[in-house]
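Novice: Here you go, one structure.
Bear in mind these aren't lab numbers, they're just calculated from the coordinates by the rules spelled out. Remember, predicted model here, so these are calculated numbers, not experimental data. Note: ideal-geometry Cβ built from the backbone for every residue, glycine included; neighbour counts use all protein chains shown.
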Amino acid sequence: MTMQAEKKAENSAAEALAAEEFAFDEHDFEFAAQGVAAVRAAEPVLPVSFTKEALLRLAKNRGALCSLFFILLIVLLALVGPLVSGYGYSQQLTGHDNMAPRIQGLEKLGIFNGSEAVPMATGVKIVNKYEKLQGGEKVYHWFGTDVLGRDLFTRTWEGTRISLFIALVAVLIDMLFGMSYGLISGYFGGKVDLVMQRIVEVLHGIPNLIIITLLIIVLKPGLPTIILALMLTGWIGMSRVARAQMLKLKEQEFVLAARTLGARPFFLISKEVLPNIIGQLLVMSMFSIPSAIFSEAFLAFIGIGIPVPMASLGTIISDSFKSLTAHPYMMAFPVVVLGLLMLSFNLLADGLRDALDPRMKDR
Amino acid sequence: MINTTKKALSLLLALALLAILAGCATPSATPASSAPAASAGETATAEPESSAPSEGGQTRPNIVHLALEGEAATLDTLKAEDTIALTVSGALNVGLYIRDADGVARLALAESVDKSEDNLVFTYHLKDAVWSNGEAITAHDFVFSWRELADPANALQYSILLRTAAVLNANQVIDGELPKEELGISALDDKTLEVRFERPIPYVETVLSMGSFFPVNEAFYKAQGDSYGTSPETTLSNGAFLLKSYQPSATFIEMTKNPDYVFAERISVDGLTYQVVKDSQQAVLAYENGDIDVVVLGGEQAELYSDAPEFTPVLTGALWFLSPNVAVPGLDNLNLRKALALSFDKEALVKTVLKDGSIPADYVVTRLTHVTADGADFRDLTQPILQADKALAKEFWQKAQEELGLSEVSFTLLVEDNEATINASQYLQAQIQENLPGVTITIEQMPKKNRVERMAAQDYELALTRWGPDYSDATTFLDLFLTGSTYNYGGWSNAEYDGLVKAASAELVNDIPARLKALQDAEQIIGAEAAIFPVYQKANAYLIKPYVKGIEFTTTGALISRYAVIEQ
Amino acid sequence: MAAYIFKRALIAVLTLLLIVLILFVLMAFLPGSPFNDERLTVEQIATLRAKYGLDQPLLAQFWSFVKNTFSGDFGVSYAIQKNVPISSLLSGRLPVSMRIGGQAILLGSLLGLVLGVIAALKHNTVWDTFCTVLSVVGVSIPSYVFALGLSYLFGFKLKWFPILYQSALPFHSSVLATVALSLFTMASIARFTRTELLEVLSSDYILFAQSRGIDGFRLIARHALRNALIPVITVLAPLVVGLMTGSLVVERIFSVPGVGQLLVEGIQANDYSVVTALSFVYSLIYIAIMLGVDILYGVIDPRIRLAKGEVQP
């Protein structure tokens, strides 16, 4: 380091030090040898348990509650939707191709009555395929049908199921593996960090697509393979964020203090650092949901996705993309479901972040 | 202290931004000045007036703008193998023959040809044509390119055409048993070319009109080495157009009219451009904006434009069919194969799924492929095979169940990953499973080349595959299913069939009616044996701007751009 | 510092070599061969494999790749561009991808930063919700849908920008592609800046700074944003690599002659040399950026003191 840089560093460190408010606790000056027990004892006594308080705070957040409701609703629909529509997700009905949405009740209001404005080259043409279909007056496709005459309501919820599953696994791997990896690497630093980061670099330095394609080609194509392939590198982003957070926090005074008191690394990481950064990590993991869902859709795009006629939200969107200008309704519903899902997850994450942040207590 | 921190901070922020910027600013300077689609090293490339068609300008530039669905893999006529490469290199080059919309091969670089009485020796007298570098096109250019084509060291896949044309010693040279100098082609002098054949082939001229037989200037070709065909400077052409801007795998190609082209007087436009557009909806938007004059429509777009005056469906010669691997248990059963072949509704497939003008195929030899001397299509003379019949299919399936002692079978269907094929395969899957209860079809999709590779290794059960005619004769299809044919991936074999098809290329060659009968009988055998399950004959739905006239299509469905006319 | 950078650079080169070696091993597992045209015979395929040295043992192939790469020669493409030198393929395409990627990063991170700061400062207000919704929509809409929408609105209806990329108008015709690409970056940066800034704003030293009378823009820019930047850079870095090496989807839709499509086509066609060369370039950029980020960490936040910590462990 040059002289100036060193001086600069000193200055800001001094500034940071000065900025901290020190509220000494009577236990702060006990001997380090007393270790974990001492640090535990040093934690201020809470009137209610941490989890309970966090939940209480979450319950006060209207946005988060709303999101939770939507997530539960979507999960419920994903579970029962395919069962109540009366159609199979791969069932092709002859003559039912490209039918616009038609919903009982709403059709009387002039919306969702099965007619759509098709932008033909010679001018917009209003088409109602239900009228042309024999016995069509009794047919209802709530979300319409696709080019092969499959009911999109069934397919959307069937796809939501698979996408949710992929998202769930993505978040789990992110939170369990990615986070621990980053925290450990960041905390220990030095040689451990060097080796762990080189492993990440090698893994990340190979274009993702090659690893994923290879796995899918070598193993049997299917949902488990796709999830495995996505997860193999999916955790890296999270690990990087966790490491950066750890780097930022580990030399802060409260961590130093705990370390001086002899706290073990595991305790330090999980009890001192984690609560401070879990918010950011949660938000980050919410972002891994769309990226996991879209990675899967991208695989479908290049022909190694979920085997047809199975569907995921991503594959339905990328399939109906091809008819977007002709039949926009095909894409509308899955995109709305996906968007709602993303929005809910994000708002919930925000709420969780606020609820879990120990410093938000007094606000 | 506040000042130092302030300074430090602004510096840091600037640094962080710079780090981001640095990555992009440096390279961005380069392409901005030397436009990437332009040739390397050429400075005067920024000529926006030619590449950007002006909307609503006073006069329309006399240039036709075409779309390609992918990049050309090569501009080297010897290596060009896929439709796109053949299209682009075909605009740049011409050979002994040229094939127009009527499918007839006419002399191009040759003034005249003297055929020996037994049709085994053709002597061509070449025109005084020149390469784009001004050198004369000589008989030696043909000798060089044909020998390169045959040279086993080059391992060119279209060397098979030399075998098809039955050029003397082609088989032995390609197999490495004779030196390439023994190939039946020689330059008697600079302007006289002699080609010798092993046996007369009635459709040989259409074969010789293909790009692989185009001449190549040896000195230039060898001087450029690996760089041949990577830029206008390293490409030599002799066809209707000359390369103006190109780089390897360019998404935009510019060509100008070749004033020295042998039929230059027939070329009306000043040039043409090829724009690669892979997304079909973007292609249509670009067409509507006037950036592209001719565009192929995807399924849903085809539906939207079906009543537009510029909608032009063009039937190609390509047959899409299901190929059963007869070595797979179950598929060796004739009744099961027949049940599968009859179980799907082809009419509904082309009407509701493909929508691009494709027609149901109840045959092997496609419409437009084989036209007799009196102008009749082989299809109109021949009975259909394997017409869809769900009731009959069920009967065959019951028989098959009894013979096999099974109530359920399941097969994997290999499909390549493009929209139309995937949709078609899902349709077929649903139809087969619905009409033959107990049959399960699992679709496995993959890139086309992987599909072909899996099929060639006979590592498949069912595959949705295509074959496009190489030349205008029924044998371009029927040869495929000969015992031991490289492309007979399904492994089906029938001695009577082999006899008929081989005779058509040997003893029956000059006996037109008997040859026709043999070919017809052979096709019927495929039907009776359900050796393949024909599905549909592909059509492409084009949109052509009303002011662009003269776009033609070959009988095999390829677009001919050279006679395009831009109306003002 | 210089010693530290040298050491990191050395490690980076070793990492790169390791990556290339792994690539070679991975490629050996890829089923099939680049020579899979419909009409090739078995003998011809064998000839071609020998011609391009694919019949050599893996390590020999690796070694000759390393040797050639250091002399700037990536070999020739086998399948997607027949026998064309890859260096000439890359020299035309890589700059286009890098430029558009760079534009997208610039646009995305600037917009993202602004949105994130607004959302954090106006925490729990309509502005906050608006920014959240905007950024969530940003990650929820697949880029191809957004791209087609842009091209329909600005290319077809309003005719402000060309629909397809034109090399004669390199900036003008890349605007739509840039915007489509920047969406995800913008959304990620916005979300992340928001959470980070909220975190920082509630920290003691900001309270302290406020109590010293520092407020408004100076507080945000000097004290808060600086600390919020580290994790943001962490998120940005991998995005940079991804964007600079081209996006398949956006390049495909706007017909951009970039490298994003080459990689996928190379993998699908088993064009090993193209895939290896592209991966090498990707890894090179990746490792360079990671190196830069590590050094930046130390610069932005002296408390990390990477230099000190690593040179003298």
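Novice: Sorted from fewest to most neighbouring beta carbons within 10 Å, what does the list A:107, B:444, C:199 look like? Kindly include the intermediate steps, with their values, before the conclusion.
Specialist: On the way: A:107 16, B:444 20, C:199 23.
If I rank by nearby Cβ atoms, fewest first, I get A:107, B:444, C:199.
Novice: Would you list which lysines come within 19 Å of residue B:244, measuring only between C-alpha atoms, while excluding same-chain residues fewer than 8 positions from it?
Specialist: B:257
Novice: Moving to a separate point now. Quote the charge dipole size of the stretch C:94-269 about the Cα centre in Debye, to the nearest 20; the model charges only the Cβ of Lys and Arg (+1) and of Asp and Glu (-1). All intermediate terms of the calculation are to be shown ahead of the outcome.
Specialist: On the way: 11 positive and 7 negative charges, 69 e Å.
Rounded to the nearest 20 debye, it is 340 debye.
Novice: Direction-averaged shadow area of the convex hull around the Cα atoms of chain B, nm²?
Specialist: Details: hull surface 138.1 nm².
Average projection, Cα convex hull of chain B: 34.5 nm².
Novice: How crowded by other chains is B:158-164, given as the mean number of beta carbons from other chains within 10 Å of each beta carbon? Mind dumping the intermediate values first?
Specialist: Working: counts 3, 4, 4, 1, 0, 0, 0.
Counting other chains' Cβ atoms within 10 Å and averaging over B:158-164 gives 2.
Novice: What ³J(HN,Hα) values, in whole Hz, does the Karplus curve 6.51 cos²θ - 1.76 cosθ + 1.60 give for the stretch C:242-250 when θ = phi - 60°, with x put for Gly and Pro?
Specialist: Rounded to whole hertz, the list is x, 6, 5, 9, x, 10, 4, 5, 5.
Novice: Amide H neighbours of residue B:66 under 5 Å, at least 5 residues apart or on other chains, H built in the peptide plane: list them.
Specialist: Counting only residues 5 or more places away or on other chains, the set is B:273, B:274, B:275, B:293.
Novice: Please compute the average number of Cβ atoms from other chains found within 10 Å of each residue's Cβ in peptide A:316-323.
Specialist: Values: counts 0, 4, 4, 3, 2, 7, 10, 8.
The shielding value for this peptide is 5.
Novice: Also, quick follow-up: Let me confirm one metric for peptide B:431-438, namely the mean number of other chain beta-carbon atoms within 10 Å of its residues' beta-carbons.
Specialist: Working: counts 2, 0, 2, 3, 0, 0, 0, 0.
Other-chain Cβ atoms within 10 Å of each residue's Cβ, averaged: 1.
Novice: Amide H neighbours of residue B:242 under 5 Å, at least 5 residues apart or on other chains, H built in the peptide plane: list them.
Specialist: Correct list: B:256, B:257, B:258.
Novice: Report, ordered by chain and residue number, the aspartates and glutamates lying within cross-link reach of residue B:278, taken as a straight Cα distance under 13 Å and ignoring same-chain residues fewer than 8 apart.
Specialist: Residue B:278 reaches B:69, B:71, B:419, C:251, C:265.
Novice: Right, here's the next one. Using alpha carbon centroids, what distance separates the stretch B:274-321 and the stretch C:255-292, in Å?
Specialist: 31 Å
Novice: Using the Karplus curve 6.51 cos²θ - 1.76 cosθ + 1.60 with θ = phi - 60°, work out ³J(HN,Hα) for each residue of the stretch C:278-293 in order, rounded to whole Hz, and write x for Gly and Pro.
Specialist: Those phi angles translate into 5, 5, 4, 4, 4, 4, 4, 5, 4, 5, 4, 5, 4, 4, x, 5 Hz.
Novice: Still on this structure: Going through the cross-link list C:7/C:67; B:191/B:502; B:222/B:449, which pairs have a Cα-Cα distance over 27 Å in this structure? Spell out each step's value before the answer.
Specialist: Working: C:7/C:67 23 Å; B:191/B:502 36 Å; B:222/B:449 30 Å.
Distance filter (> 27 Å) returns B:191/B:502; B:222/B:449.
Novice: On to the next question. Net charge near residue A:255, counting Lys/Arg +1 and Asp/Glu -1 over other residues with Cβ under 11 Å of its Cβ? Let's see the in-between values first.
Specialist: Values: positive: A:248, A:250, A:259, A:271; negative: A:251, A:253, A:272.
Spelling it out: positives minus negatives among the neighbours equals +1.
Novice: Counting other beta carbons within 10 Å of each residue's own, what order do A:69, C:65, A:188, B:311 fall into, fewest first?
Specialist: Details: A:69 12, C:65 23, A:188 15, B:311 18.
Least to most surrounded, the residues fall as A:69, A:188, B:311, C:65.
Novice: Could you give me the ³J(HN,Hα) list for the stretch A:172-184, computed from phi with Karplus coefficients 6.51, -1.76, 1.60 and θ = phi - 60°, whole Hz, x at Gly and Pro?
Specialist: Calculated HN-Hα couplings, in order: 4, 4, 4, 6, 7, 7, x, 5, 4, 4, x, 5, 5 Hz.
Novice: Apply the Kirkwood formula to the protein assembly as shown: the hydrodynamic radius equals the inverse of the mean of 1/r over all pairs of different alpha-carbon atoms; give it in Å with one decimal.
Specialist: Working: mean 1/r = 0.0300 Å⁻¹.
The Cα-based Kirkwood calculation yields 33.3 Å.
Novice: Here's something else I'd like to know. Take the Cα atoms of the stretch C:94-269, build their convex hull, and give its volume per residue in Å³.
Specialist: So the per-residue Cα hull volume is 125 Å³.
Novice: Suppose every K and R has +1 on its Cβ and every D and E has -1 on its Cβ; what is the size of the dipole of chain B about the Cα centre, in Debye to the nearest 20?
Specialist: Numbers: 41 positive and 77 negative charges, 235 e Å.
Around 1120 debye, computed over chain B.
Novice: If you don't mind, there's one more thing I want to ask. Could you give the length gained on full extension between residue A:267 and residue A:56, defined as 0.36 nm per residue of separation minus the Cα-Cα distance, in nm? Intermediate values should be presented prior to the final figure.
Specialist: Values: separation 211, 0.36 × 211 = 75.96 nm, distance 2.57 nm.
Length difference between fully extended and current span is 73.4 nm.
Novice: What does the charge count around residue B:377 come to, taking other residues whose C-beta lies under 15 Å from its C-beta (Lys +1, Arg +1, Asp -1, Glu -1)? Mind dumping the intermediate values first?
Specialist: Numbers: positive: B:367, B:379; negative: B:102, B:362, B:374, B:380, B:473, B:523.
Result for the neighbourhood of residue B:377: -4.
Novice: Taking H as built 1.01 Å from N, whose amide H comes closer than 5 Å to the amide H of residue B:167, not counting residues under 5 places away?
Specialist: Sorted by chain and number, the residues that satisfy this are B:198.
Novice: Now for a separate question. Which of the lysines could a cross-linker bridge to residue B:346, judged by Cα under 19 Å and excluding same-chain residues fewer than eight apart?
Specialist: Partners within reach: B:338, B:355, B:390, B:394, B:538.
Novice: Counting other beta carbons within 10 Å of each Cβ, put B:476, A:156 in order, fewest first.
Specialist: Ranking B:476, A:156 by Cβ neighbours within 10 Å, fewest first, gives B:476, A:156.
Novice: Could you compute the FRET efficiency for residue B:493 and residue B:263, with r as their C-beta to C-beta distance and R0 at 60 Å, rounded to 0.05? List each step's numbers first, then the result.
Specialist: On the way: r = 46 Å, r/R0 = 0.77.
Approximately 0.85, to the nearest 0.05.
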